[in-house]
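Notes for the one structure printed next.
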Amino acid sequence: MTQTRKPTNLTRKQTNPSPSSSSSSSTGMKLIVPLQGVVQGRGGLLFGSLIPCALFYFLQLYLKRRRPDNPSSNPPTPSTSSPNLPDLPRSSSRSNFNTRGPVRLSKLATLISKPDDDSPYYIGLHRVAQDPYGKVENPNGILQLGLSDNKLCLDLIEDWMLRNCAESILGSGDDGVGLNIHGIATYQPFDGLEELKMAFSDFMHKVMGGSVKFDPSNMVLTAGATPAIEILSFCLADQGNALLVPTPYYPGFDRDVKWRPGVDLIPVHCRSADNFSLSITALEQAFSQARKRGVKVRGILISNPSNPVGNVMTQDMLYSLLDFAEEKNIHIIADEVFAGSTYGSEKFVSIAEIIDSEYIDKSRVHIIYGLSKDLSLAGFRVGVIYSYNNSVLAAAKKLSRFSSISTPTQRLVTSMLSDKRFIQEYFQTNQNRIREAHDAFVEGLSELGIKCAESSAGMYCWADMSGLIRPYSEKGELELWEKFMSDAKINITPGSACHCIEPGWFRICFTTITLEDIPLVIERIRRVVESCKSSS
């Protein structure tokens, strides 16, 4: 009997609550949901019925007043799909959509779709594109000295292409390699053809001084060095994490690392007194300050040879970097795209050369290389990630589907890198021409009283023009940059775009012009120098 009565009592408690509990409960519910009273069947007619009806009535009245009184004032839009269809009046519901504004975009698209006004580096490139210099067609145009593009040896590339292009891509089909239409028109591995990886291995062995061998199985090929940096950023850090970067650094790093991976860059400021060489003390300070702000540092991003200074890291400094990374348990990304563009007395040492010791953890070292600089093939978009970390390689191979190199390009580049005689002749000529252009440019600037930082590699001078800026600040630096752009019609990169802490330094690329154009550039710079001295 007890068991049968309990459900009955429980049911009664649910359907016939006490007066006190019923009063407090229904009052609370009516305040929150007016229709609750209608459901319960008492005391809710006013709140549960009249108020919603009134709101609905006023909504209809509001929409009716917003409609045009005269339908003829909005004539129907004639049909463009077929002249036989009748002209139908536009429904009022569709006309209401016009008040909703433009369709929304993602935060990322909204951010990067804005004009390039965030850095004078990109502003300069844009202005040159609108008014480029041409010896015949536009002699008063802007000379491009803000882009590290090597045009000194394009004649060698052109000559090789004329002789080998068609056969390199399609091949004769008799060598068993499969260089025919079936090998270029069908799907191929996103991370690169095996034969190109092998050719890259031999090429990098030569570029890096012949002292280290590169395993093709440690390579992921990408459409240039830019996606290589981005892919490594995705692999090594999460959004909101950071990489330490010695300054001054290449302005493109900001976009490559921040745009899609969402990784921050923390400048490690270097000084002119040390020729902008990196110090472990500066790294320690930057790392400690980041931790105090709650930022997780996941690695160090270096360019060696340096862009924009042109100096190279010593072997001792590279060992110190590895020790620092080991102590902090972080990664090292070494951008070595200028490894073969050397001309000075300093010897370039790849980080791959010094990690053969047993005590060094190779899994934290990742190298970026490409053919844009050393082989003058910027438009081919050929880059490589070289990593000793199997997990990074596995992830990078999957991410490379979004930045794969076209198969015809890979076939062509494989043939070019395999031409040992051409590569040898190209490198000798290229280094000689870079050295000649560098020396002529530095000498011309020196005659104007402008000194450059000591350098041994790269395609640019890191020039000190601090004596020409008034005031001595970033504002004065940008005003001088505008004079070069508007008055002298030359585009150079101000140090602030490279996050240099000392105002007045400029990167001037000398490989985008011919040797015959150097006197013209020096003369244009002379006009600005004399103008600044006369006004001061």
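A few points about this structure:
- Residue list for segment 379-414, restricted to those being touching an Asp or Glu at 6+ places or on another chain (Cβ under 8 Å), open to solvent by 40 Å² or more (accessible area, probe 1.4 Å) and either among the polar types (S, T, N, Q) or part of a loop (DSSP other than H, G, I, E, B) (or both): SER404
- Some residue of segment 442-457 being surrounded by 15 or more Cβ atoms within 10 Å (Cβ to Cβ), closer than 30 Å to TRP160 by Cβ and in contact with a Leu (Cβ under 9 Å, 6 or more places away or on another chain): no
- Taking the criterion of being of a type outside the set (A, V, I, L, M), assigned to a loop (DSSP other than H, G, I, E, B) and either outside the structural domain of TYR460 (by the TED database) or open to solvent by 20 Å² or more (accessible area, probe 1.4 Å) (or both), the residues of segment 501-526 that qualify are GLU502, PRO503, THR514.
- Boolean, LEU480 is assigned to a helix (DSSP H, G or I), in contact with a Leu (Cβ under 9 Å, 6 or more places away or on another chain) and crowded, with 19+ Cβ neighbours inside 10 Å: yes
- Subset of segment 285-321 (residues that are within 23 Å of ALA497 (Cα to Cα) and assigned to a loop (DSSP other than H, G, I, E, B)): ASN304, PRO305, SER306, ASN307, PRO308, VAL309, GLY310, ASN311, VAL312, MET313
- Looking only at segment 350-378, and only at residues there that are more than 19 Å from ALA339 (Cα to Cα) and in a helix (DSSP H, G or I), the one that is farthest from the chain's Cα centre (by Cα): LYS362
- Residues of segment 263-284 classified as open to solvent by 10 Å² or more (accessible area, probe 1.4 Å), assigned to a helix (DSSP H, G or I) and under 19 Å from CYS500 (Cβ atoms), total: 5
- Within segment 324-349, being over 13 Å from VAL212 (Cβ atoms), assigned to a strand (DSSP E or B) and in contact with a helix residue (DSSP H, G or I) (Cβ under 6 Å, 6 or more places away or on another chain) holds for HIS331, ILE332, ILE333.
- Looking only at segment 422-451, residues that are in contact with a Ser or Thr (Cβ under 8 Å, 6 or more places away or on another chain) and assigned to a strand (DSSP E or B) come to 0 in all.
The values are calculated or read from the model by the stated rules, or taken from the named source; none is laboratory data. Because the structure is predicted, anything quoted here is derived from the model rather than measured. Neighbour counts run over all protein chains shown; Cβ positions are idealised from the backbone, glycine included. For the accessible areas, the whole protein counts, side chains as well, though only heavy atoms, and no ligand, DNA or RNA atoms are used. Shrake-Rupley method; radii C 1.70, N 1.55, O 1.52, S 1.80 Å.
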